[in-house]
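Visitor: One structure is given below, represented as structure tokens, and several questions about it will come after.
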Amino acid sequence: MSINDAAIVGYAETKIERNSGRDIWDFGGEVLSSLLASTGIEKDEIDGMLVNGSMTGAGNAFWSQTTADYLGLELRFCQTVDRGGSSAVAAVARAAAALEAGLCSTILLLNADTQSTENNLRMRSYHGEFVDPFGSIGPATDFGLLSTRYDHLYGLDHRALGKIAVTLREHALLNELGSDKLRKPLDIEAYLNSPMVADPVRMLDCVMVCDGANGLLMTTRKRAKEKKFDKFVVPLGYGERSNYRASENIVDITESGHLVAGQHAFAQAGIGLADIGSAHLYDDFIIAVMLQLEMFGFAKKGQGCAFVQDTNLRFDGDLPINTSGGQMSAGQAGLAGGGTLLIEAVRQLFGEGGVRQVRNNAHALVSGIGWIPYGRHWGTTTALILGSEG
């Protein structure tokens, strides 16, 4: 077997809410119930589970086990995936490996977080010693540094970034599961006039943390066919890199591990950029989308803004991106936010995108970003290529 011997047979997603007041396991139960109803799989058929390492469960050393307990699942394989915003994408590859190894036969991939209601994160590493005491306000500061460096090297077209923001908002207006607080029209002037947070990062460059959950059911392709699923989604290629070029003292912070992770994913999938019908790129900040377009090769280094200006990125355009509105305009459901992008990719490949359905639903690219070391590029980067079957 290989990664493409696995099959995604079902997907589910809750409404994304700001300060929902709901318990994280309530969200998880909603996702599980929806998956069982949509696939016809019985609950006792699920013998494996991967959960994302959420902000809500950050202080629980037994997060996957206690989550399984509250969901009433008896499992042969159970684990937490701790790749931060890359966890949802990384879980697909790990689920495929578990299926190949015979550790389970049907596996639940659950991404749930209630970060805006309950955040138990305690950062260690160098944060308390070197970053926090000097007034860093978190990711916005890091992206301010990154944006300033990019502007110095190549020039940063803020109207191009505004075009990305407006496109994602247009997609969110078509997504009823997106946060109601964000589902309001946006134009480039409103983006450019939004308050400065960490120069040159504006308020509308930043993601809004919310609560929510999403998930997948995976099995083997053989079993999917035996159970008469007439269509499913197959993982074709996957790349992951943690601490890209970490041994070097001075690095180019505008270059990320997506460069090599993407190359590996495309090589494994055996397809090229022209085969991608939609791209679902991790978007905790607007510039992250543009930088990934460069890293994956859609645009040359330093020419990402020009590519954005010259390309229709809408769901009905040349290269549809983040057709659910992404985290930027649907809301970031904590560390489950990467799952928002993954679920939308699967939805599009199933041909169930509704009014925002893309024309080419043969292949989709999904990415993740795991963490942000200060003064360097992203700590964990992932790239996943999915294909439709049936």
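Visitor: Within region 261-268, does at least one residue satisfy the condition of being within 28 Å of residue 111 (Cα to Cα), out of contact with any Phe, Trp or Tyr (no Cβ under 6 Å at 6 or more places or on another chain) and open to solvent by less than 60 Å² (accessible area, probe 1.4 Å)? Quick ask: steps written out before the conclusion?
Guide: Filtering region 261-268 down to residues within 28 Å of residue 111 (Cα to Cα) leaves 261-268.
Still in the list and also out of contact with any Phe, Trp or Tyr (no Cβ under 6 Å at 6 or more places or on another chain): 261, 263-264, 266-268.
If we keep only those that are open to solvent by less than 60 Å² (accessible area, probe 1.4 Å) too, we end up with 261, 266.
The answer is yes; a qualifying residue exists.
Visitor: Looking only at region 1-31, count how many residues are part of a helix (DSSP H, G or I), in contact (Cβ under 8 Å) with a residue 40 or more places away in the chain and either of a type outside the set (A, V, I, L, M, F, W, C) or within 14 Å of residue 112 (Cα to Cα) (or both).
Guide: Residues flagged as part of a helix (DSSP H, G or I), in contact (Cβ under 8 Å) with a residue 40 or more places away in the chain and either of a type outside the set (A, V, I, L, M, F, W, C) or within 14 Å of residue 112 (Cα to Cα) (or both) within region 1-31 amount to 9.
Visitor: Residue 236: open to solvent by less than 40 Å² (accessible area, probe 1.4 Å) and not hydroxyl-bearing (Ser, Thr, Tyr), yes or no?
Guide: Numbers: open to solvent by less than 40 Å² (accessible area, probe 1.4 Å): yes; not hydroxyl-bearing (Ser, Thr, Tyr): yes.
Yes: the conditions hold for residue 236.
Visitor: Looking at region 128-151, is at least one residue over 24 Å from residue 344 (Cα atoms), modelled with pLDDT under 95, hydroxyl-bearing (Ser, Thr, Tyr) and surrounded by fewer than 14 Cβ atoms within 10 Å (Cβ to Cβ)?
Guide: Checked against the condition, which is being over 24 Å from residue 344 (Cα atoms), modelled with pLDDT under 95, hydroxyl-bearing (Ser, Thr, Tyr) and surrounded by fewer than 14 Cβ atoms within 10 Å (Cβ to Cβ), region 128-151 yields no hits at all.
Visitor: Say whether the condition of being touching a strand residue (DSSP E or B) at 6+ places or on another chain (Cβ under 9 Å) and touching a residue at least 60 places away in the same chain (Cβ under 8 Å) is met by at least one residue in region 301-311.
Guide: Taking every residue of region 301-311 in turn, none turns out to be touching a strand residue (DSSP E or B) at 6+ places or on another chain (Cβ under 9 Å) and touching a residue at least 60 places away in the same chain (Cβ under 8 Å).
Visitor: List pairs: first in region 69-82 and in a loop (DSSP other than H, G, I, E, B), second open to solvent by 50 Å² or more (accessible area, probe 1.4 Å), Cβ under 7 Å, 6+ apart or cross-chain?
Guide: 76/103
Visitor: Give all pairs with beta carbons closer than 6 Å in which a residue from region 246-257 that is touching a residue at least 60 places away in the same chain (Cβ under 8 Å) meets a residue that is assigned to a loop (DSSP other than H, G, I, E, B) and open to solvent by less than 50 Å² (accessible area, probe 1.4 Å); count only pairs at least 6 apart in sequence or on separate chains.
Guide: 253/377; 256/377; 256/378; 257/244
Visitor: Of 168, 177, which residue is within 30 Å of residue 94 (Cβ to Cβ) and assigned to a helix (DSSP H, G or I)? Spell out how you get there, then give the answer.
Guide: On the way: 177 fails: assigned to a helix (DSSP H, G or I).
After ruling out the rest, the residue left standing is 168.
Visitor: Let me ask something else about it. State all residues of region 345-357 that are touching a helix residue (DSSP H, G or I) at 6+ places or on another chain (Cβ under 8 Å) and either open to solvent by less than 10 Å² (accessible area, probe 1.4 Å) or under 16 Å from residue 217 (Cα atoms) (or both); if no residue qualifies, say none. Let's see the steps before the verdict.
Guide: The first filter runs over region 345-357 and keeps only residues touching a helix residue (DSSP H, G or I) at 6+ places or on another chain (Cβ under 8 Å), leaving 353, 356-357.
Within region 345-357, 353 is the sole residue that qualifies.
Visitor: Surrounded by 21 or more Cβ atoms within 10 Å (Cβ to Cβ), outside any loop (DSSP other than H, G, I, E, B) and small (Gly, Ala, Ser) - does that describe any residue in region 43-56?
Guide: Yes, the conditions are met somewhere in region 43-56.
Visitor: If you check 175, 193, which single one turns out to be without any contact (Cβ under 8 Å) to a residue 12 or more places away in the chain, more than 23 Å from residue 371 (Cβ to Cβ) and out of contact with any Asp or Glu (no Cβ under 8 Å at 6 or more places or on another chain)?
Guide: On the way: 175 fails: without any contact (Cβ under 8 Å) to a residue 12 or more places away in the chain.
From the options 175, 193, the qualifying one is 193.
Visitor: Which of the helices (runs of 4 or more DSSP H) found entirely inside region 287-390 contain at least 3 residues meeting this: of a type outside the set (Gly, Ala, Ser)?
Guide: Values: elements: 304-310, 326-330, 337-349.
Of the helices (runs of 4 or more DSSP H) lying wholly inside region 287-390, those with at least 3 residues that are of a type outside the set (Gly, Ala, Ser) span 304-310, 337-349.
Visitor: For residue 341, indicate whether it is touching a residue at least 60 places away in the same chain (Cβ under 8 Å) and within 15 Å of residue 85 (Cα to Cα). Can you show your working first?
Guide: Numbers: touching a residue at least 60 places away in the same chain (Cβ under 8 Å): yes; within 15 Å of residue 85 (Cα to Cα): yes.
So residue 341 fits the description; yes.
Visitor: What is the one condition in (1) acidic (Asp, Glu); (2) under 20 Å from residue 364 (Cα atoms); (3) open to solvent by 50 Å² or more (accessible area, probe 1.4 Å) that residue 283 does not satisfy?
Guide: Answer for residue 283: the failing condition is (3).
Visitor: Taking only region 294-329 into account, find how many residues are over 10 Å from residue 167 (Cα atoms), surrounded by fewer than 24 Cβ atoms within 10 Å (Cβ to Cβ) and not β-branched (Val, Ile, Thr).
Guide: Counting residues in region 294-329 that are over 10 Å from residue 167 (Cα atoms), surrounded by fewer than 24 Cβ atoms within 10 Å (Cβ to Cβ) and not β-branched (Val, Ile, Thr) gives 17.
The values are calculated or read from the model by the stated rules, or taken from the named source; none is laboratory data. The shown structure was predicted, so the numbers you read here are calculated from the model rather than taken from an experiment. Using ideal geometry, Cβ is built from the backbone for each residue, glycine included, and neighbour counts are taken over all protein chains shown. Accessible surface areas use protein heavy atoms only, side chains included; no ligands, DNA or RNA. Shrake-Rupley method; radii C 1.70, N 1.55, O 1.52, S 1.80 Å.
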